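The values are calculated or read from the model by the stated rules, or taken from the named source; none is laboratory data. Since we're looking at a predicted model, the values are computed, not measured. So basically every Cβ, Gly included, is an ideal-geometry build from the backbone, and we count neighbours across all protein chains shown. Note: accessible area is taken over every heavy atom of the protein model, side chains too, but ligands, DNA and RNA are not part of it. Shrake-Rupley method; radii C 1.70, N 1.55, O 1.52, S 1.80 Å.
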Amino acid sequence: MAVASLRRSVLSLNRTLRGSWCQAPDLRPVCVSACQRTPERSSVHARNTFKVTMVPGDGVGPELMRAVREVFKAADVPVEFEEIHISEVHNMASEEKLDQLFTSVRNNGVAIKGKINNPMAYKGDLASYEMKLRRKLDLFANVVHVTSLPGYSTRHNSLDLVIIREQTEGEYSSLEHESVKGVIESLKIITREKSHRIAKFAFDYATKKGRSKVTAVHKANIMKLGDGLFLQSCAEVAKLYPKIKFENIIIDNCCMQLVRNPYQFDVLVMPNLYGNIIDNLAAGLVGGAGVVPGESYSDEYAVFETGARHPFAQAVGRNIANPTAMLLSAANMLRHLNLDYHSNMVSEAVKRVIKQGKVRTKDLGGYCTTEDFVRAVVNNLGHQSVY
Amino acid sequence: VDSQVTCPWRSNLVRPRKHIKNCYATYSPFQATSSVEIIMFLFNLQELAGEMVLMFSLFSVSTKAPIQWEERSVTAIKGPSGRWMIPPEAKESMDKSKIGLKGPLKTPIAAGHPSMNLLLRKTFDLYANVRPCASIEGYKTPYDDVNLVTIRENTEGEYSGIEHVIVNGVVQSIKLITEKASKRIAEYAFEYARNNQRISVTAVHKANIMRMSDGLFLRKCREVAENYKDIKFTEMYLDTVCLNMVQDPTQFDVLVMPNLYGDILSDLCAGLIGGLGVTPSGNIGANGVAIFESVHGTAPDIAGKDLANPTALLLSAVMMLRHMGLHGYAKKIEMACFDTIRDKKVLTKDLGGNSKCSEFTNEICRRVQDMD
């Protein structure tokens, strides 16, 4: 009796433990002693698993997350997901859930998420949940890797771009008001501090990954003060990195050049709205929203998601979504957690499936379902060429 | 006069304004059988004499059209109130004839006066910018089947120009959306679709993020769509449009949007068909005013060397003729232009050939004459 109650209390103590490390519940009988102490680790079962927050989001998010879970299970990845279901459109909007999400990410440090859809109707709150999340956690940098997939050719092949976007200010300030009936003002805020920060992030990233050029995208010929400040901050930071070439280009010219000759760009850095446009444009160049991974960084946390963030609500339940982007993003997450072995395993498997070209989802021109694709990835997991 | 170009069309010189740095154009007035008058603006910097040749090519091509050209300069001058404005003779000329054709304008950076384009827009209340983008047969790009029109609200939105520094290091720009302007542009878009036998109008917005401002724009578009039940109306987020545009541009027909998105998307669409050198553009204003223009830059490096590509300006002129109802002439010139490009024998440098601007134009003129 005493043993059972002691075991129960120990197990509940285990369950309430929060933190990056979670120990598997011990399966040996607990020794009967007066003091409650945590059981020793069993050498067979307990492993150091990473705890990661998972937010399936709306639309095809839950299906993609299921794909990630299946692949991780098959690859035996030591990651445990803490799922938090939050949605603004499905009547699941509540402040408590949002707080729960914040605490979870704060504790775990790493998250993987789908897109939390914004309701179109203006219900009285100007900032969407995603914006609140980004601001609260200060996820200021959004990095999208736009790389052509070998084996899938588009109009532009062998692309390799990185798009870095400032995510917390700019046009998404959610500061709007109706001054007079029929006249609405929306404020776009640019600060030197945040522009400086994103520029430094961009140059540090370029240095770390061995990139040679950073291009700032702006509209300073029209918004002279706002984007002028952004450009000035970028130029100031560029002086500190003499090895990296710094250029700037106006957003409309940039869009035009991206469709005519995207190879002239390497790393692009820009404020919020332009980042949204260029992310999606570049994703379209290599194959659409289903193949581009992305992540958001703050000083302390990292959130992994797809590059072009669309809930793709018309595909819910039809099993046609392409899980490539989410799987590649999950592989990036594993690399962030220093699980390089597993990261390479997952990303190699995905790339191999795409290269073979036999199993492709609808958006890449094939007829297979999401599940077929996931199965193919799982089958390809064992054959890694290099570790 | 520094901008003297030896061209055969010149017959009388208009007095050059030497006191300003910007040189004046010289040309010969054309065709006198005018039922309609057209005003043409020219604004020349020293380097820009090449544009002259463009203009002349235009004149020679529109030989038979019942148009009389009048030329005016739009160098900004300081009015009596101290504000910068367009020269009054330009303004009255424009008010009289209502239709204009404009070459590229360049505002020097330290000019001290606001952008010329902005001044023109404000003076004539040019609220709609229309840019039809259709793939040109013979000019190969990775996108072969583009056929869409972008209609952009031109007066407000993000380009209202209202910016201020709140504290040192924090700048605030104001984006203005008004009910009146949104309604006006939506109505113009649907009218355009109806008159040009277009099937659908898509409103491009970001109402999920800018809920009040783009929400208002969207609401107005929806209201106007109620009156045009024969045209399909859809709405799409800006990022979705960008994503789909580069994958499959055939799904779009007419796009209507506020200022900034319009600027970016119209340049994106221009890039799909081959760049600004082949894209026409028209600005429609209140009171029936319309100014058609080529949106490319002034290209100072090739000015005066007879190397410029007149396609953009030519197609803008074709748009202008259609706007005025001279469909026959418009069709002839357009066909001649496209045939020349398709044949690939006489092309300017940026289209892939190595002919001169005058040769290209002569070829087009020859075809127009052959057609008669």
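So the values come out like this:
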quantity: Other-chain or far-sequence residues with amide H under 5 Å of B:E70's (modelled H); calculated: B:I38, B:I39, B:M40
quantity: In nm, spacing of pseudo-spin labels at B:S358 and B:D372 (7 Å Cα→C-beta vector); calculated: 2.2
quantity: Count, lysine Cα pairs under 17 Å in segment B:289-364, 8 or more residues apart or across chains; calculated: 4
quantity: At R0 = 51 Å, FRET efficiency that the Cβ-Cβ distance of A:H177 and A:E371 yields, to 0.05; calculated: 0.60
quantity: Distance between modelled label sites at A:K245 and A:H336, nm, 7 Å Cα→Cβ extension; calculated: 3.1
quantity: Where trypsin sites (Lys or Arg not before Pro) fall in DSSP loop in segment B:213-288, at most 14 other Cβ within 10 Å; calculated: B:K229
quantity: Relative contact order (%) - criterion: Cα under 8 Å, at least six apart; region: segment B:254-294; calculated: 25
quantity: For residues of A:216-229, the mean tally of beta carbons on other chains within 10 Å; calculated: 4
quantity: Mean Cβ neighbour count within 10 Å, used as a protection proxy, ranking A:331-341, A:55-65 highest first; calculated: A:55-65, A:331-341
quantity: Peptide-level mean, for B:158-171, of C-beta atoms on other protein chains within 10 Å; calculated: 5
quantity: Cα gyration tensor of segment A:189-335 - equivalent ellipsoid semi-axes, whole Å, descending; calculated: 28, 18, 15
quantity: Equivalent ellipsoid semi-axes, segment A:60-168, via Cα gyration tensor eigenvalues times 5, rooted, Å; calculated: 28, 21, 15
quantity: Spatially proximal aspartates and glutamates relative to B:K140 (Cα-Cα < 20 Å; intrachain offsets below 8 disregarded); calculated: B:D248, B:D267, B:E334, B:D339, B:D343, B:D350
quantity: Chain-alone versus full-assembly comparison, segment B:191-210, residues with accessible loss of at least 30 Å² (1.4 Å probe); calculated: B:K206, B:N208, B:I209, B:M210
quantity: Distant-in-sequence amide H partners of A:N248 (H built 1.01 Å from N, under 5 Å); calculated: A:A216
quantity: Unsatisfied cross-links (Cα-Cα over 26 Å) in the set A:K51/A:K194; B:K78/B:K220; A:K115/A:K362; calculated: A:K51/A:K194; B:K78/B:K220
quantity: Estimated FRET transfer efficiency when R0 is 25 angstrom, pair B:H164-B:E191 (beta carbons, to 0.05); calculated: 0.10
quantity: Average beta carbon contacts from partner chains per residue of B:174-187, 10 Å cutoff; calculated: 3
quantity: Inter-label distance, nm, simple model (7 Å from Cα along the C-beta direction), B:I199/A:E300; calculated: 5.4
quantity: Violating pairs (Cα-Cα greater than 19 angstrom) within the set A:K213/B:K206; A:K213/A:K243; A:K136/A:K200; B:K180/B:K232; calculated: A:K213/B:K206; A:K136/A:K200; B:K180/B:K232
quantity: Accessible area buried at the B-A interface, both sides summed, 1.4 Å probe (Å², nearest 100); calculated: 4700
quantity: Estimated FRET transfer efficiency (B:K344, B:D230; beta-carbon r; R0 41 Å; 0.05); calculated: 0.55
quantity: Those aspartates and glutamates that a straight Cα-Cα span of less than 14 Å connects to A:K224, excepting residues fewer than 8 apart in one chain; calculated: B:E158, B:E163
quantity: Under-5 Å amide H pairs with B:V256, H placed in peptide plane, nonlocal only; calculated: B:I151, B:T202, B:A203, B:V204
quantity: Shape metrics for segment B:196-346, restricted to C-alpha atoms - Rg then Dmax, Å; calculated: 17.9, 54
quantity: Ranked packing of B:264-270, A:314-320, most packed first, by mean Cβ within 10 Å; calculated: B:264-270, A:314-320
quantity: Qualifying lysines (Cα of each under 18 Å from Cα of B:K96; at least 8 residues distant if same chain); calculated: B:K122
